[in-house]
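Trainee: Please find one structure pasted underneath; my questions will follow.
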Amino acid sequence: MNISGNTIFIAGGTSGIGLELALALQNEGNKVIVGGRRSALLQEISDKNPKISTVVIDVDDPNSIREAYESVTHDFPDLNVLVTMSGIMYPEDLKNPDFLDIAERTVTTNLLGTIRLVGQFIPHLLTTPSATIVTVSSAVGFVPLPITPTYNATKAAVHLFTESMRVQLADTSIQCIELIPPGVRTTLMGQENSESALPLDDYVAETIALLKADNNATEIVVEAAKPLRHAEMNGEYQNVLKMLS
C-alpha cells in the first residue's frame with residue numbers, strides 16, 4: 001500500500017484508533033471518508049476537519065452497510081482502500097448466563113461486521129488497479145485477555161479470515177493488511193488513562209511509519225504488540241498469558 005494518493009473509507013473511524021488513523025492518513029495526502037453510527041459525532045468530525053468526509057454506517061446492519069457502500073462508491077468512485085475498524089470490547093463473566101448477550105453483540109460487530117464489509121466492497125475494489133483491505137485484529141487474538149473471551153475469539157477469527165482472504169485474493173489487485181494493536185489508550189475497556197497501554201498518538205505514528213517502510217506489508221505489528229503476537233513462536237505463551245490473567 002502506498003501511503004499517499006489513496007481514497008480511503010474507514011468504517012468505525014469516529015473515535016480512538018480509527019479517528020486518529022483517519023487524521024494521520026489525511027495528513028499523508030489521502031482522501032479519507034469516515035463512517036460511524038452517530039450522525040452528530042460525524043458532523044462534529046466534519047466541522048473540525050473539513051477535508052474529511054463522513055457517512056453513516058452501522059456494521060451490525062447489512063442494509064446500513066449496503067447503503068453506505070452505495071453512497072461512498074457513488075461520491076468517491078476512485079475509492080481504493082477499505083479499513084474495517086469497527087469493534088466493541090466488554091468484560092464477560094462466563095459463570096453468568098447474561099454474558100451471552102455481550103458475546104453475541106461482540107461477534108456481530110467485530111467479526112460479522114468485518115466479513116460483511118469485505119463482502120460488500122470487494123467487487124468494487126477488484127475494479128481498481130491497486131487496492132487495499134485493512135482489517136484490525138488485536139494482540140489479544142494471539143494471547144487472550146481472560147476477562148474478554150469473546151473479544152479475543154473474534155480478533156483471532158479476524159486474523160485467520162484475513163490470512164485466508166490474502167491467499168484467495170493473491171492473484172488480484174487487492175492487497176490485504178492486518179493491523180494488530182496492543183492495548184492502546186482509548187475508551188475501549190476504559191484504557192484512556194492506563195499506564196500499561198500505549199499512548200494513542202504513539203501507536204498511530206508507529207503504524208504510519210511501518211506502512212511507509214514496507215509497501216508490501218501483510219501485518220502491522222508495533223513493538224508493544226510483538227510480545228503477544230510472537231509469544232507462541234518464542235515459547236513465551238504461558239508466561240504472557242499469566243501476565244494477562
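The values are calculated or read from the model by the stated rules, or taken from the named source; none is laboratory data. Nothing here was measured: the structure is a model prediction, and the numbers come from that model. Don't worry about glycine lacking a Cβ; one is built from the backbone with ideal geometry, like all the others, and counts go over all protein chains shown. The area values use the complete protein model at the heavy-atom level, side chains included, leaving out ligands, DNA and RNA. Shrake-Rupley method; radii C 1.70, N 1.55, O 1.52, S 1.80 Å.
Trainee: Does S39 satisfy the condition of being among the polar types (S, T, N, Q), free of Cβ contacts under 8 Å to residues at least 24 places away in the same chain and open to solvent by less than 60 Å² (accessible area, probe 1.4 Å)?
Mentor: Considered against the rule, which asks whether it is among the polar types (S, T, N, Q), free of Cβ contacts under 8 Å to residues at least 24 places away in the same chain and open to solvent by less than 60 Å² (accessible area, probe 1.4 Å), S39 comes out as no.
Trainee: A further question on this structure: All but one of (1) open to solvent by less than 10 Å² (accessible area, probe 1.4 Å); (2) part of a loop (DSSP other than H, G, I, E, B) hold for L145, so report the exception by its number.
Mentor: In the conditions (1) open to solvent by less than 10 Å² (accessible area, probe 1.4 Å); (2) part of a loop (DSSP other than H, G, I, E, B), L145 misses (1) alone.
Trainee: So for the range 78-86 (the condition being open to solvent by 10 Å² or more (accessible area, probe 1.4 Å) and free of Cβ contacts under 8 Å to residues at least 40 places away in the same chain), does at least one residue qualify?
Mentor: No, there is no match, as no residue in the range 78-86 is open to solvent by 10 Å² or more (accessible area, probe 1.4 Å) and free of Cβ contacts under 8 Å to residues at least 40 places away in the same chain.
Trainee: Follow-up question, since we're still on this one. Would you confirm whether any residue within the range 87-109 is open to solvent by 50 Å² or more (accessible area, probe 1.4 Å), within 21 Å of Q175 (Cβ to Cβ), in a loop (DSSP other than H, G, I, E, B) and at pLDDT 95 or above?
Mentor: no
Trainee: Please work out if L126 is closer than 24 Å to V167 by Cβ, at pLDDT 95 or above and surrounded by fewer than 17 Cβ atoms within 10 Å (Cβ to Cβ).
Mentor: yes
Trainee: Limited to the range 177-216, what total is found for residues that are of a type in the set (K, R) and either surrounded by fewer than 19 Cβ atoms within 10 Å (Cβ to Cβ) or in contact (Cβ under 8 Å) with a residue 40 or more places away in the chain (or both)?
Mentor: The qualifying residues number 1.
Trainee: Further question: For residues in the range 2-22 being buried (at least 21 other Cβ atoms within 10 Å of the Cβ) and among the aliphatic types (A, V, I, L, M), which is nearest to E192 (Cα to Cα)?
Mentor: Top of the filtered list is I17.
Trainee: Search the range 46-63 for residues that are of a type in the set (K, R) and pair each with any residue that is open to solvent by 80 Å² or more (accessible area, probe 1.4 Å) when their beta-carbon atoms are under 9 Å apart and the residues are at least 6 apart or on different chains.
Mentor: From the range 46-63, the pairs are K51/K31.
Trainee: How many residues are open to solvent by 60 Å² or more (accessible area, probe 1.4 Å) and under 13 Å from E178 (Cβ atoms) when one looks only at the range 217-232?
Mentor: 1
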